[in-house]
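A.B. asks: A single structure is presented below for examination.
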Amino acid sequence: MGNVNITKNIQLNNILPLRLENINYSIGKRQLLKNISCQFDKGKRYCVIGPNGAGKTMLLRLCHGLIKPDSGKLTWQNNHKNHLIKYQAMVFQRPVMLRRNSWDNINYALSVKNIPRQQRKSLIEQVLTITGLLDQAKQPARQLSLGQQQRLAIARALAIQPQILFMDEPTASLDPPATYQIEQLINQISNDGVTIIMTTHDLGQAKRIGEEILFMFRGRIKEQANSEEFFKNPQNDLAKAFINGDLLWWKRRPDGDNVQIKYKPITINKTNI
Amino acid sequence: MDDIFQAVNMAFVLFLQLDADLFEIMILSLKVSLSALFIATRIAMPIGSAVAVYRFSGRKAVMISLNILMGLPPVVVGLFVYLMLSRNGPFGVFGLLFTPTAMIIAQVILITPIIAALTRQVTEELYNEYDEQLISLGASQFRRFTAVLFDARYKLLTAILAGFGRASAEVGAVMIVGGNIDHVTRVMTTSIAMEASKGELATAIGLGLILITMAAIINLLIYFIGDMAQKYGNI
């Protein structure tokens, strides 16, 4: 992969930190995000971990603006209005490629952003070099391997020159070599100053990539801590159990809304949840 | 059995002779059907794609209407166009009744809903896949609409073929608005109907075989164009 610095073109208009205050979001009667408050600072790498259904993806989608919170406040630095199109990008768990070649997939993203044609060529070459896909530029995107498609998705996101990049389990369905390549890429992008917020189920990956860990459970952020501290000495019992690889599950009590959460091998006190 | 052999024989004779009259009828058939197809495609594809992408009140009603209109009875459409274009009708001044233009108009009305409904189906499927990614890139609704329509172009050949099938096989409407006038509005289907009513079954079936061959050639042509484009395009 090439060593081209993508951020030299990044706009100076800083949109970070991103602040979330008491965010709630529900679909029907199911409350998927509960009272979320956190802050994402410039240039950091955040890993959101937690069991399935914890609300990790929802949190990313909400930050990215794909869904609107029911209540609470989400604010960007300088009260940024057009942040969605201008300064941020998202890579989805399964890469969605337009039925065009690799080059045109990136070109489309740039045309949406109204980048003049003459500027696009060098920008596309740049991101394809970074992601090691320059040789596949004219290949139909959907014929690339899943790992290559994911790298192309990252290239497309990078072409937008985001200040913040959301990644929803970008390596979930990739084999170890492809995962390694993506991780290298994430590190490189981060070193170039882009803020990374990614979700993952891979604790090893969270350790390798995350500077800051957010542990989520049933729509709440249970713990947010520096990666080293979090993995060494998690404060929350659920987080501790999750790191230990204990199976978490819950059951709704028949008499009310209270939820009793259990995990093997111990049962924790409800007040600690 | 004899009738069928006679018919096949007649088809060959008609085809080999290829007299000026038959040639004229074949060309007019193609001209009317392909013109109608071209116009209907230009109208129907944006409609179908818009229904797939845009969310507006009454969207479901439009979808249901398109599906219902797919089964429009040609004779009724013919009658409607006849009333519109007849001397006393609102468009009577244009003097279009019993011209190929009237036949094209009738066919456009018949096949537009078919192409639109099929386009909606194809583009909606693609849009469900693209939706969030395109929004994430910051694409406006119009850009999403054009992206979906553009990327679905090869799959939409099926919709075009369905439209062509209906147009080339249609007889009820073109008979009413065209009148089957020799050297003016006589096309393959109206000729077949006329020959059959005259009792010239062999000629009718012979013409029918030629019509089927013509339709098959056009179908194959469109199929191969799509196939080649897909192979050498960037899908």
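Rule-based calculations on the coordinates, nothing more; no lab input. As the structure is a computational prediction, the values presented were derived from the model and not from experiment. Note: ideal-geometry Cβ built from the backbone for every residue, glycine included; neighbour counts use all protein chains shown.
A.B. asks: With the Cα gyration tensor of the protein assembly as shown in hand, give its eigenvalues times 5 under a square root as the equivalent ellipsoid semi-axes, listed largest first in whole angstrom.
C.D. replies: Working: eigenvalues 757, 129, 91 Å².
Square roots of five times the eigenvalues give 62, 25, 21 Å.
A.B. asks: Okay, next question. Relative to the longest principal Cα axis of chain B, at what angle does helix B:100-137 sit, 0 to 90 degrees, rounded to 10?
C.D. replies: For B:100-137 against chain B, the angle is about 20 degrees.
A.B. asks: Hey, another quick one. If one takes the longest principal axis of the Cα atoms in chain B, at what angle in degrees, from 0 to 90 and to the nearest 10, does the Cα axis of helix B:201-232 lie?
C.D. replies: 30 degrees
A.B. asks: If you keep only loop residues by DSSP, which trypsin sites (Lys or Arg not before Pro) in the range B:35-142 have at most 13 other Cβ atoms within 10 Å of their Cβ? Don't skip to the answer; put the middle values down first.
C.D. replies: Values: sites: B:Arg42, B:Arg55, B:Arg59, B:Lys60, B:Arg87, B:Arg120; in loops: B:Arg55, B:Arg87.
Filter output for the range B:35-142: B:Arg55, B:Arg87.
A.B. asks: Would you calculate a helix-derived [θ] at 222 nm for the protein assembly as shown, using -39,500 (n - 2.57) for each DSSP H run of n ≥ 4 and dividing by the full residue count, to the nearest 500?
C.D. replies: Numbers: 19 runs with 274 residues, N = 508.
-17500 deg cm²/dmol, from helical runs alone.
A.B. asks: Same structure again: Measure nothing fancy, just the Cα-based angle from helix B:2-17's long axis to the longest principal axis of chain B, in degrees from 0 to 90, nearest 10.
C.D. replies: 80 degrees
A.B. asks: Right, next: Mind checking the alpha-carbon convex hull of chain B and giving the volume per residue in Å³?
C.D. replies: On the way: hull volume 36.3 nm³, N = 235.
Here the figure is 154 Å³ per residue.
A.B. asks: Regarding the range B:52-141, what is the average projected area of its C-alpha convex hull, in nm²?
C.D. replies: Values: hull surface 31.5 nm².
Result: a mean projected hull area of 7.9 nm².
A.B. asks: Using all Cα-Cα distances in the range B:1-102, what percent lands in each 5 angstrom bin from 0 up to the longest?
C.D. replies: It works out to 2, 9, 10, 13, 14, 14, 13, 10, 7, 4, 2, 1, in whole percents.
A.B. asks: With Rg and the Kirkwood Rh both taken from Cα atoms, where does Rg over Rh land for the range A:141-186?
C.D. replies: On the way: Rg = 10.4 Å, Rh = 11.0 Å.
With Rg and the Kirkwood Rh in hand, the quotient comes to 0.95.
A.B. asks: Report, to two decimal places, the Cα Rg of the range A:88-247 normalised by 2.2 N^0.38 Å (N = number of residues). Mind showing how you got there, number by number?
C.D. replies: Working: Rg = 17.2 Å, N = 160, 2.2 N^0.38 = 15.1 Å.
Rounded to two decimals, the normalised Rg is 1.14.
A.B. asks: In addition: Rg and Dmax of the range B:95-235 over Cα atoms: what are they, in angstrom?
C.D. replies: Cα-based Rg and Dmax for the range B:95-235 come out at 19.8, 66 Å.
A.B. asks: Right, next: Summarise the long-distance tail of P(r) for the range A:39-130 by giving the % of C-alpha pairs beyond 23 Å.
C.D. replies: Value for the range A:39-130 (Cα pairs over 23 Å): 41 percent.
A.B. asks: Select from the range A:119-156 those trypsin sites (Lys or Arg not before Pro) which occupy a DSSP coil region and have at most 10 other Cβ atoms within 10 Å, ordered by residue number. Show your work: numbers first, answer last.
C.D. replies: Working: sites: A:Arg120, A:Lys121, A:Lys138, A:Arg142, A:Arg151, A:Arg156; in loops: A:Lys138.
Answer in residue order: A:Lys138.
A.B. asks: Still on this model: Taking the Cβ of each residue in B:Asp2, A:Asp70, A:Asp202 as the centre, tally the other Cβ atoms inside 10 Å and list the residues starting with the fewest.
C.D. replies: Numbers: B:Asp2 7, A:Asp70 13, A:Asp202 16.
Fewest-to-most ranking of B:Asp2, A:Asp70, A:Asp202: B:Asp2, A:Asp70, A:Asp202.
A.B. asks: Test of understanding: express the Cα radius of gyration of the range A:82-121 as a ratio to 2.2 N^0.38 Å, with N the residue count. Before the final figure, lay out each step's value.
C.D. replies: On the way: Rg = 11.3 Å, N = 40, 2.2 N^0.38 = 8.9 Å.
Normalised Rg, Cα atoms only: 1.26.
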